[in-house]
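Enquirer: My questions all concern the structure below.
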Amino acid sequence: MTESSRKILVSSALPYANGPIHIGHMLEYIQTDIWVRFQQHRGHQCIYVCADDTHGTPIMLKAQELGITPEQLIAESKKDHKADFDSFLINFDQFHSTHSDESREVTELIYNRLNEAGHISRRTISQLFDPEKEMFLPDRFVRGTCPHCDAEDQYGDNCDSCGATYSPTDLINPSSAVSGAVPVLKDSEHFFFKLQNFEEMLQKWIRAGHIQEQIANKLDEWLEDGLREWDISRDAPYFGFEIPGQPGKYLYVWLDAPIGYMGSFKALCNRRDNLNFDEYWAPDATTELYHFIGKDIVYFHSLFWPATLAGSGFRTPTAVWAHGFLTVNGTKMSKSKGTFIKARTYLDHLNPEYLRYYFAAKLNNRIDDFDLNLEDFQQRVNSDLVGKYINIASRTAGFIVKRFDGQLTADCSELGLLAEFQQQADNIAQFYEDREFGRAIKAIMALADKANQYIADKEPWKLIKQQGGEAETQAVCSVSLNMFRLLSIYLKPVLPNLIENVEAFLNVEPLSWNDHQHLLIDHKINKFMPLMQRIEKDDIDAMVEASKETIKVTVPEITPASNATSYIEPIKETIEFHDFDKLDFRVVKIVKAEHVEGADKLLRLELDIGNETRQVFAGIKSAYKPESLEGRLTVMVANLAPRKMRFGMSEGMVLAAGPGDSDIYILSPDDGATLGMSVK
RNA sequence: AGCGAUUUGGCGCAGCGGUAGCGCGUUGGGCUCAUAACCCAAAGGUCCGAGGAUCGAAACCUCGAAUCGCUACCA
């Protein structure tokens, strides 16, 4: 059961420093973070590193465009990225930068070793050069007319219109995307990494269980084509590391990017006493090293990277694990549809653990694309987490706290049933280990169903009313809360914040995986409070709306007057006229108002809006007597989506002011307004 | 164009040789402890299409379609 403690180093791919993190990125970070937390949860030493990828032409140009230095740009970017990751509970041990002393040190070491071992060659190549900017142009930065189909304004490497691929020198009327100047051909000496020296090593490596089978198939194909030299140098001006001893020549960003994993880890070693760089990177290292990546960068991580490491006397990764791309509602993320959702936009509207759960619930260890279906997302999270899992505690804790002073029974009954929950631990652990999170969640939710069935079967709400039924009620609820605790242990890698609140509720020390081996008996718990709110459709809609690319609006800084009375609610985010215009307010007459049987706060209103009558349930019982409302005119939102409520459909909403309780004041139009009038 | 992945009930997925399962949703019933939650039951599928090997396929092979992606000196 207790395997000896492992030493594991894990990375996620480095986000590029020229743009914000979006939810497509988050798929990878959440996947990795869950796996890392799982390992730590089980008592292994698992270190998680990452960094911003900061070098290359796009960074350089973007900084120029903004009129700042690249250093300023990447510092800004790192701050934003780190804030996003923190908010999503991504628990890096170190989030570093490839533009750092540590990265430079390792990069130079690797280059020098490759060079000394004869893996670097040089030759002169001819490339398009921008005479105005005095820089060589990457293919993407040359635009011109396609030599095949005459489509205008195409990239230098292929044509969007006819799909042809060509060299930028083939373009008709080429121009620099940077300055607009006509590029000229210019010679320059470039440095190449002799990838072909590693063909045999790579052939073996990719079939030795280090990568997924589908990826290995793909790599085979590349290997069959033969490996060629890899151009690893760029001429000044370039934002990156200068090649040692070669002024004006820089290392291509893709050489130093993965070295950023090592640089980040080195920085961590420098501030932690118990970590030794060589223990993780020496060629004979017995520790484990894993890279989580997207399938788009397989080439770099499964060919260049192991070759670079092997050629410079370092260990190769234990495994490189690729995942698929994220789609939203079945299609590629789109700015116009509002499905290009930035991490920050998501966070402005929704709890990060919703997304962590949804990703976990559908992730597997393969490279299939992952669809974030927003409707499914809402239903699944609400149903699984709030409806099933949390509900177990919600429906039993009340009895324990109110009737038994929070005390769980001294002996636990139903040991057989609980043993079933405990026995699932190994099975679930294996799923996590294999990155089959979806199966893990499925197994956990099957147990949650079982727990709810158990409660339904025992009917503690009836037991408590029976004479002498107290003991059994306490036993049933104690068993239920033990089930809840076991599920919490299993869910902890996915939902770290939520489980922290669960720990406070259960009044226990931080849970670790092996705590599943014992039960909570003769223990006092705290009062239950709602641990998670359901996802509201409105929040998803608002997030999508906020993601739609529109003309940039500068949201005015909202500075609440410092001496403002405290109960004034802050003004919500500024909206555009067309947002406002969606709301259809109407003058209506309350033709009928009545109490609703069984409802504490609601009144049922029948509203005449001129051409039809609407039924609306309004939470104003505490402030109005029904008869005082009948015959009054008021204002309603007439185009609000109907809402099925426990007592019937509510077909709109009546406007009212005030904080609630008896402080509620419905609106009245001035004299002269009549039924059905639109309010603007 | 080449290659890879995907295509199973409304939605999201599992199954990978013995003639279809799960969750959500829907419908009906039950319960009322619980965040309109929970429990029970039902309806719903020519498993993308066409061929083929097999006693037998959703699953294997061939051809085709659709979607997403990759194709190293783009990041």
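Readers should treat all values here as calculations from the given coordinates under stated rules, not as data from a laboratory. Remember, it's a predicted structure, so these values are computed and weren't measured experimentally. Note that each Cβ is placed from the backbone with ideal geometry, even for glycine, and that neighbours are counted across all protein chains shown.
Enquirer: If the viscosity is 0.692 mPa s and the temperature 37 °C, what translational diffusion coefficient in µm²/s does Stokes-Einstein give for segment A:84-152 when Rh comes from Kirkwood over Cα pairs? List each step's numbers first, then the result.
Expert: Working: Rh = 17.3 Å.
It diffuses with D of about 189 µm²/s by this estimate.
Enquirer: Sticking with this structure for a sec: Using unit Cβ charges (K, R positive; D, E negative) and no other charged atoms, how large, in debye to the nearest 20, is the dipole of segment A:78-133 about its Cα centre?
Expert: Details: 8 positive and 11 negative charges, 60 e Å.
The calculated dipole for segment A:78-133 is roughly 280 debye.
Enquirer: Counting only C-alpha contacts under 8 Å and six or more residues apart, can you give the relative contact order of segment A:25-174 as a whole percent?
Expert: Values: 142 pairs, mean separation 23.0, N = 150.
Rounded, it is 15 percent for segment A:25-174.
Enquirer: Still on this structure, I have one more. In nm, to one decimal, how far is the modelled label at A:SER512 from the one at A:GLU606, with both set 7 Å along Cα→Cβ?
Expert: 6.6
Enquirer: Could you give the angle, 0 to 90 degrees to the nearest 10, between helix A:470-491's Cα long axis and the longest principal axis of the Cα atoms of chain A?
Expert: 20
Enquirer: While we're on this one: Rounded to the nearest 0.05, what FRET efficiency do A:LYS7 and A:ALA456 give with R0 = 51 Å and r taken as the Cβ-Cβ distance? Could you check? Display every interim value, and only then the final one.
Expert: Numbers: r = 46 Å, r/R0 = 0.90.
After rounding to 0.05, the efficiency reads 0.65.
Enquirer: A further question on this structure: Once the cut-off is 22 Å, how many percent of the Cα-Cα pairs in segment A:3-152 end up in the long-distance tail?
Expert: Values: 6706 of 11175 pairs.
Taking all Cα-Cα pairs of segment A:3-152, the fraction more than 22 Å apart is 60 percent.
Enquirer: In whole Hz, what ³J(HN,Hα) sequence does segment A:248-255 give by Karplus (6.51, -1.76, 1.60; θ = phi - 60°), x for Gly and Pro?
Expert: 3J(HN,Hα) across segment A:248-255, in whole Hz: x, 10, 10, 7, 4, 4, 6, 6.
Enquirer: Just going by the charge dipole of chain A, with Lys and Arg at +1 and Asp and Glu at -1 on Cβ, which of A:ASN497, A:SER87, A:PRO306 is farthest out on the positive end?
Expert: Going by the charge dipole, the pick is A:ASN497.
Enquirer: Working from Cα positions, state the angle (0 to 90°, nearest 10) between the long axis of helix A:101-116 and the longest principal axis of chain A.
Expert: 40
Enquirer: Under unit Cβ charges (Lys, Arg +1; Asp, Glu -1), what dipole magnitude, rounded to 20 debye, does chain A have relative to its Cα centre? Walk me through the numbers on the way to the answer.
Expert: Values: 71 positive and 99 negative charges, 308 e Å.
Using only the charged Cβ atoms, the result is roughly 1480 debye.
Enquirer: In cubic angstrom, how much convex hull volume per residue do the alpha carbon atoms of segment A:467-557 span?
Expert: Details: hull volume 16.6 nm³, N = 91.
Value for segment A:467-557: 182 Å³ per residue.
Enquirer: Could you tell me which of the pairs A:LYS362/A:LYS388; A:LYS332/A:LYS362; A:LYS82/A:LYS442; A:LYS218/A:LYS337; A:LYS82/A:LYS548; A:LYS442/A:LYS548 are separated by over 22 angstrom between their Cα atoms in the structure shown? It would help to have the intermediate numbers written out before the result.
Expert: Numbers: A:LYS362/A:LYS388 18 Å; A:LYS332/A:LYS362 18 Å; A:LYS82/A:LYS442 31 Å; A:LYS218/A:LYS337 33 Å; A:LYS82/A:LYS548 24 Å; A:LYS442/A:LYS548 34 Å.
Table pairs above 22 Å Cα-Cα are A:LYS82/A:LYS442; A:LYS218/A:LYS337; A:LYS82/A:LYS548; A:LYS442/A:LYS548.
Enquirer: In percent, what relative contact order does segment A:182-299 have, based on Cα pairs under 8 Å that are 6 or more apart in sequence? Each step should come with its number before you reach the end.
Expert: Working: 87 pairs, mean separation 22.1, N = 118.
Normalised by residue count, the contact order of segment A:182-299 is 19 percent.
Enquirer: Next up: Give, rounded to the nearest 20 debye, the magnitude of the charge dipole that segment A:449-489 has about its Cα centre when Lys and Arg contribute +1 at Cβ and Asp and Glu contribute -1 at Cβ.
Expert: Details: 5 positive and 5 negative charges, 13 e Å.
Dipole about the Cα centre, nearest 20: 60 debye.
Enquirer: While we're looking at this one, here's another question. Straight distance only, please: which aspartates and glutamates reach the Cα of A:LYS194 with their own Cα at less than 15 Å, same-chain residues fewer than 8 apart left out?
Expert: A:GLU116, A:GLU229, A:ASP231
Enquirer: I want the local charge near A:THR57. Using Cβ-Cβ distances under 10 Å, sum +1 for each Lys or Arg and -1 for each Asp or Glu among the other residues.
Expert: Values: positive: A:LYS62, A:ARG140, A:ARG234; negative: none.
Spelling it out: positives minus negatives among the neighbours equals +3.
Enquirer: Please report the equivalent ellipsoid semi-axes of segment A:270-423, computed as sqrt(5 x eigenvalue) of the Cα gyration tensor, largest first, in whole Å. Walk me through the intermediate numbers first.
Expert: Working: eigenvalues 334, 161, 46 Å².
The equivalent ellipsoid of segment A:270-423 has semi-axes of 41, 28, 15 Å.
Enquirer: At 222 nm, what helix-only mean residue ellipticity would chain A give, in deg cm²/dmol to the nearest 500, using -39500 (n - 2.57) for each DSSP H run of four or more? Don't skip to the end; give the middle numbers.
Expert: Values: 22 runs with 250 residues, N = 680.
Roughly -11000 deg cm²/dmol at 222 nm, from the helical runs in chain A.
Enquirer: Compute the distribution of all C-alpha to C-alpha distances in segment A:346-461, in bins of 10 Å from 0, and list the percent of pairs in each, rounded to whole numbers.
Expert: Histogram of Cα-Cα distances, whole percents per bin: 12, 34, 32, 18, 4, 0.
Enquirer: Which links in A:LYS79/A:LYS680; A:LYS462/A:LYS537; A:LYS450/A:LYS537; A:LYS7/A:LYS79 stretch past 32 Å when you go from one Cα to the other?
Expert: On the way: A:LYS79/A:LYS680 43 Å; A:LYS462/A:LYS537 35 Å; A:LYS450/A:LYS537 29 Å; A:LYS7/A:LYS79 29 Å.
Violating the 32 Å Cα-Cα cut-off are A:LYS79/A:LYS680; A:LYS462/A:LYS537.
Enquirer: For chain A, what are the per-bin percents of Cα-Cα distances with bins 20 Å wide, up to the bin holding the maximum?
Expert: Final binned percentages: 14, 39, 31, 14, 1.
Enquirer: Could you estimate the translational diffusion coefficient of segment A:49-106 from the Stokes-Einstein equation, with Rh from the Kirkwood formula over C-alpha pairs, at 10 °C and 1.306 mPa s, in whole µm²/s? Before the final figure, lay out each step's value.
Expert: Working: Rh = 12.2 Å.
Once the numbers are plugged in, D ends up at 130 µm²/s.
Enquirer: Taking the Cβ of A:ALA410 as the centre, find all other residues whose Cβ is under 13 Å away and add up their charges (Lys, Arg: +1; Asp, Glu: -1). Can you show the working numbers first?
Expert: Working: positive: A:LYS524; negative: A:ASP411, A:ASP522.
That works out to -1.
Enquirer: Per residue, what volume in Å³ does the convex hull of the Cα atoms of segment A:145-304 enclose? Please report the intermediate quantities before stating the final value.
Expert: Details: hull volume 29.0 nm³, N = 160.
Convex hull volume per residue, Cα atoms: 181 Å³.
Enquirer: So what's segment A:185-233 giving for Cα Rg divided by 2.2 N^0.38 Å, two decimals?
Expert: Ratio of Rg to 2.2 N^0.38 Å for segment A:185-233: 1.44.
Enquirer: Would you work out which of A:VAL381, A:ALA257, A:LEU9 lies farthest towards the positive end of the dipole of chain A, given +1 charges on the beta-carbon of Lys and Arg and -1 on that of Asp and Glu, about the Cα centre?
Expert: Farthest towards the positive pole: A:VAL381.
Enquirer: Considering only A:GLN424, A:GLY398, A:ALA51, whose Cα is most displaced toward the positive end of the charge dipole of chain A, charges sitting on Cβ of Lys, Arg (+1) and Asp, Glu (-1)?
Expert: A:GLY398
Enquirer: Then there is this: Given a cut-off of under 8 Å on Cα pairs at least six residues apart, what relative contact order in percent is computed for chain A?
Expert: 12
Enquirer: If I model segment A:197-258 as equal point scatterers sitting on the Cα atoms and use the Debye formula, what is log10 I(q)/I(0) at q = 0.15, 0.22 Å⁻¹?
Expert: So the normalised log intensities are -0.64, -0.87.
Enquirer: Among A:39-51, A:461-473, how do they line up from the highest to the lowest mean number of other beta-carbon atoms within 10 Å? Each step should come with its number before you reach the end.
Expert: Numbers: A:39-51: 22.0, A:461-473: 13.2.
Packing proxy ranking, top to bottom: A:39-51, A:461-473.
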